[in-house]
Amino acid sequence: MSNDTHDPRGPAEGRELAALPLELDPPPGLEDRVAGSLAARGLLPGADRRRPGLPPLRAALAAAASLALLALGFVAGRALAPRPAASAVPAGEPTRYALLLYETASYDPPQGREAVERYHEYSRWVGQARERGQFVGGEELSVERGWVIPPASSTPRPGLAPEGSARLSGVFLITARDDAHALDLAASLPHLRHGGHVVVQEVVPTDRPPRVEGEAPAG
Amino acid sequence: MTATAVLLRRFERRRDDATFRALYRAATPRLWGLALRLTGGRRDEAEELVQEAWIRAVERLGSFARRSSFTTWLCAILVNCHREELRRGARAWRSVEPDSVAGEIGGVTPFPGAHRAARIDVERALAALPGGYREVMVLHDLYGYTHREIAATLEIAEGTSKSQLARARARLRELLASGAAPARDRDDERGRR
């Protein structure tokens, strides 16, 4: 690009324009939105990967665990119990999985009328899972308001996630044959196409104590 | 080789988030300046344009022939996105008079790099130009496109580009004379040319 030598700028307006900066500082949030859109289209790895040590993923998992425990009414001490060595569900029974939908930095929230389209998109997914007998339950979670209760405190503070964690905007419970099947089902969630993250966790039945490798089943 | 070119090569090899962000930070200030001027200072529309331009650029990186700088190529993509939006009718050309521009800006310039009152006057006058005039003037007088390049990018005749520019300059002169103070002092140039 170069200026036409045969078409010089007029003297007055040329001076005014010449004083304008060509480069301007873009809005601070735009970088994340662009990177998120690229990630949602598979043109970039997830935005979380830019941070060393993957703390957001760990934090998301921790948040998922703590929120799921809260939702299911587990006592806090349960989290410290020995973890099952394998699936807690006896062979032959369908296993339940929680699909936790997170709004991470790469998530592209719907704008205006898109919200209606987005609603129908997720509803279609639920309807198909229900028709296949795989949908147990689940809902969207409001991101308008929520409370966080910190450990060793009974004082809730307004918030949607523990500090440093992504916020959870939906929980679906499904049944699946095994982990691979659950991951396949989760991969079809529209949430991923919109840049959100999905955490898949097996549901540990509340009516059975955990099995520990090397020990006889209790009860 | 420029820093942007080095980052581009690295991004082509790695396709990782960190390199993309470095490339973004190197190239976006010019892209953002162009987008704001083309949209007459409408930030939402400018953000959409920048986002769409980056998506297309990354999608079509393999077709970048390096006949121009990467930033120039990006700017051309952005101009095309802008034209497509206009053609689709998603965005109408909106020309506004200086008073309504001032009202729309509400005393807060949408151009953060333009702090001086005189510069804001020019930005406002530029934003007040009819869309077609503004586009040609921004590309030619501000971003250094030739009429041939403008004609190719905007799919118009070179003669149309020249006549639009002449009318744009005349209109800008009128707008500046009608109320906006001329630029008086450029010593504190904070923008990066």
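All of the numbers you see were taken from the coordinates with simple rules; none came from a lab. Quick caveat: nothing in here was measured; it's all calculated off a predicted structure. Don't worry about glycine lacking a Cβ; one is built from the backbone with ideal geometry, like all the others, and counts go over all protein chains shown.
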Amide hydrogen neighbours beyond the local backbone of A:Arg167, cut-off 5 Å, H modeled: A:Glu103
Neighbouring partner chain Cβ atoms per residue of B:36-44, average, 10 Å criterion: 1
Long-range amide H partners of A:Gly146 with built H, under 5 Å: A:Gly159
Sequence-distant residues sharing a close amide H with A:Thr95 (under 5 Å, placed H): A:Ala176
Backbone HN-Hα couplings from phi across region B:143-151 [Karplus 6.51/-1.76/1.60, Hz, Gly and Pro as x]: 9, x, 5, 7, 4, 5, 5, 5, 4
Two-site FRET efficiency, B:Arg167 against B:Leu86, from Cβ-Cβ distance with R₀ of 30 Å, rounded to 0.05: 0.95
Peptide B:135-148 - average C-beta neighbours from other chains (10 Å radius): 4
Cα gyration tensor, region A:92-198 - rounded (a/c under 1.5), prolate or oblate: oblate
Phi to ³J(HN,Hα) by Karplus 6.51 cos²θ - 1.76 cosθ + 1.60 over region A:20-28, Hz, x for Gly, Pro: 6, x, 7, 9, 10, 6, x, x, x
Alpha-carbon Debye profile of region B:1-76, log10 I(q)/I(0) at 0.19, 0.22, 0.26, 0.27 Å⁻¹: -0.77, -1.00, -1.30, -1.36
Residue-averaged beta-carbon neighbours from other chains (10 angstrom radius) around A:25-38: 6
